[in-house]
Amino acid sequence: MDIQFRLNGKDYDMSIDPAKKLIDFLRDDLGLLGTKEGCGEGECGSCTIIVDGKAVSSCLMLACQIEDREVMTIEGLAGDAGLDRLQKSFIEKGAVQCGYCTSGMLMSSKALLLENPNPTEDEINRAIEGNLCRCTGYNKIVDAISDAAETDDKQ
Amino acid sequence: MSELKVYRPSSVEELVGKLGIATDKTRILSGGTDLIIAMNKGKMVTDMLIDISGIKELKAIKKENGLIEIGAAAVFSEICSNEFIVKEAQCLAEASFTVGSTQIRNMATLGGNIANLSAAADAVPALIVLGATMDIIDSNGETREISVEKYLQGSKESLLGYDECIINIKIPLSSENTVSAFAKIGSRNTVTIARLNLALKFNYNVEKKTVEKPAVALGAVGKTAFRAIDIERVLEGQVVSDELVELFADNLSKEVERAIPGRYSLPYKKAAIKGAAYDVFDKLR
């Protein structure tokens, strides 16, 4: 199947195996290893990417489902100016330990801030409710997201 | 290249064409949050997928002709925040709000929730009390209309044939004083499959403070969600009060006992359903 899509700001027009899982397409065909597979069941969130501004689980999608859509993976978060505000906050607030959940957490929180630049703590918790972390106990992740939202505000 | 064929129609017309080449091993892909998991686990032998997630008209939510019309491929995150649904079909908005996680709500669809036939499907009890119907299209382009309740309670023949696809779900608009609510109990607070779900709808007589024309649906206690007609009779004409809520809770408990006798989860569910009953009335306040 030939499809067109936009990924991390770049337009693609290519032939794909439509039945391949999206996460496998991203990792194997496009070499984008930042998106991780944790459970393969859409429960852990480590495979989270952003499609048309919404956080989705790439382990539950097929490659053909990004046709004519705009996709962001973790590789697309940092811009030309450097790390995204969220990434800086995650580092500064100690929200990264083993790093396995981090891509997914950043994608879910980026999707949140794109839609809601001033989330409450409840809204942050809801945005990351589908992202599991075995290391941090979540507090520092929530702090980092809060911090990123507040810092963006001041600018 | 894998052997699995995947078609991605971009219109209902193209969908009908693909239904024409479907076999009994063909599956409709909508949100994928149940289907892809089943495929990953090797639980499904399928020859062909018809992916309807690219059909824009099946994602739309409209209000017209006295109905709210929700496309079968509309996702739960849209449904729970849609202004028509929040205002006129509160129990469906509430049910949609509780499905899965943020990621799952951004992918999972109303049509899939019905067609997957899970006893614990969250939207289903809400759709039942709202009197929802759906349009099912076949490979000849012909549609049949069936109520969600009848679809689930009916025989195997009423269920989707392999050359059929749900295209929309319609909810009749209710009167100004109609209220509805949904409650769910799972093993976790969020991101959980329902162990019990409950929807209640009625017309509230503001003058007399009474319940009129109640509809009650219970899910995750039986093969499929069902309407609790006896409990509706108990509620009809009664004044809304703490006593009524307790009566509602007790009756629901008995209904659960009737529905799942001998199940190991019975002691838990017949107690927990009372919590759902209180939750539902709390939401209506």
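The values are calculated or read from the model by the stated rules, or taken from the named source; none is laboratory data. Note that the structure is a prediction, hence the values are computed from the model and not measured. Methodologically, a virtual Cβ is constructed for each residue, glycine included, from the backbone with ideal geometry; neighbour enumeration extends over all protein chains shown.
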Of the residues that sit in region B:185-209 and are among the charged types (D, E, K, R) and under 20 Å from B:Leu235 (Cβ atoms), which one is surrounded by the most Cβ atoms within 10 Å (Cβ to Cβ)?
B:Lys201
Sort out which residues of region A:109-133 are among the polar types (S, T, N, Q) and within 12 Å of chain B (Cβ to nearest Cβ), and write them in order of number.
A:Ser109, A:Asn116, A:Asn125, A:Asn131
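Yes/no matrix, rows are residues, columns are (1) under 27 Å from A:Ser108 (Cα atoms); (2) out of contact with any strand residue (DSSP E or B) (no Cβ under 8 Å at 6 or more places or on another chain); (3) among the hydrophobic types (A, V, I, L, M, F, W, C):
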{"site": "B:Ala73", "(1), (2), (3)": "yes, no, yes"}
{"site": "B:Ile79", "(1), (2), (3)": "yes, no, yes"}
{"site": "B:Asn82", "(1), (2), (3)": "yes, no, no"}
{"site": "B:Val86", "(1), (2), (3)": "yes, yes, yes"}
{"site": "B:Ala89", "(1), (2), (3)": "no, no, yes"}
{"site": "B:Ile104", "(1), (2), (3)": "yes, no, yes"}
{"site": "B:Met107", "(1), (2), (3)": "yes, no, yes"}
{"site": "B:Ser118", "(1), (2), (3)": "no, yes, no"}
{"site": "B:Ala121", "(1), (2), (3)": "yes, no, yes"}
Matching option when the condition is closer than 17 Å to A:Gln65 by Cα and at pLDDT below 95, among B:Met1, B:Met44
B:Met1
Take A:Glu41 and decide whether it is of a type in the set (D, E, K, R), at pLDDT below 95 and under 19 Å from B:Ser101 (Cα atoms).
yes
Could you tell me whether B:Ala38 is under 22 Å from B:Gly100 (Cβ atoms) and either of a type in the set (Val, Ile, Thr) or in contact with a strand residue (DSSP E or B) (Cβ under 8 Å, 6 or more places away or on another chain) (or both)?
no
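For every residue, the table says whether it meets (1) under 21 Å from A:Cys59 (Cβ atoms); (2) surrounded by fewer than 19 Cβ atoms within 10 Å (Cβ to Cβ); (3) free of Cβ contacts under 8 Å to residues at least 60 places away in the same chain; (4) within 13 Å of chain A (Cβ to nearest Cβ).
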site	(1), (2), (3), (4)
B:Arg8	yes, no, yes, yes
B:Ala22	no, no, no, no
B:Gly32	yes, no, no, yes
B:Ile36	yes, no, yes, yes
B:Met39	yes, no, yes, yes
B:Val45	yes, yes, yes, no
B:Asp51	yes, no, yes, yes
B:Leu58	no, no, no, no
B:Lys63	no, yes, no, no
Scanning region B:68-123 for residues that are of a type in the set (D, E, K, R) and surrounded by fewer than 24 Cβ atoms within 10 Å (Cβ to Cβ), which turns out nearest to the other protein chains (Cβ to nearest Cβ)?
B:Glu78
Would you tally the residues in region A:52-62 being surrounded by 24 or more Cβ atoms within 10 Å (Cβ to Cβ) and either without any contact (Cβ under 8 Å) to a residue 40 or more places away in the chain or more than 7 Å from chain B (Cβ to nearest Cβ) (or both)?
4
For residues in region A:84-101 being without any contact (Cβ under 8 Å) to a residue 24 or more places away in the chain and under 14 Å from the mean Cα position of the chain (by Cα), which is surrounded by the fewest Cβ atoms within 10 Å (Cβ to Cβ)?
A:Gly99
Please verify whether region A:118-141 includes one or more residues that are under 30 Å from A:Asp13 (Cα atoms), within 15 Å of the chain's Cα centre (by Cα) and in contact (Cβ under 8 Å) with a residue 40 or more places away in the chain.
no
Selection status of B:Ser155, modelled with pLDDT under 95 and either of a type in the set (D, E, K, R) or more than 27 Å from B:Ser77 (Cβ to Cβ) (or both):
yes
Please enumerate the residues belonging to region A:39-51 that are crowded, with 17+ Cβ neighbours inside 10 Å, more than 7 Å from every other protein chain (Cβ to nearest Cβ) and touching a helix residue (DSSP H, G or I) at 6+ places or on another chain (Cβ under 8 Å).
A:Cys44, A:Ser46, A:Cys47, A:Ile49, A:Ile50, A:Val51
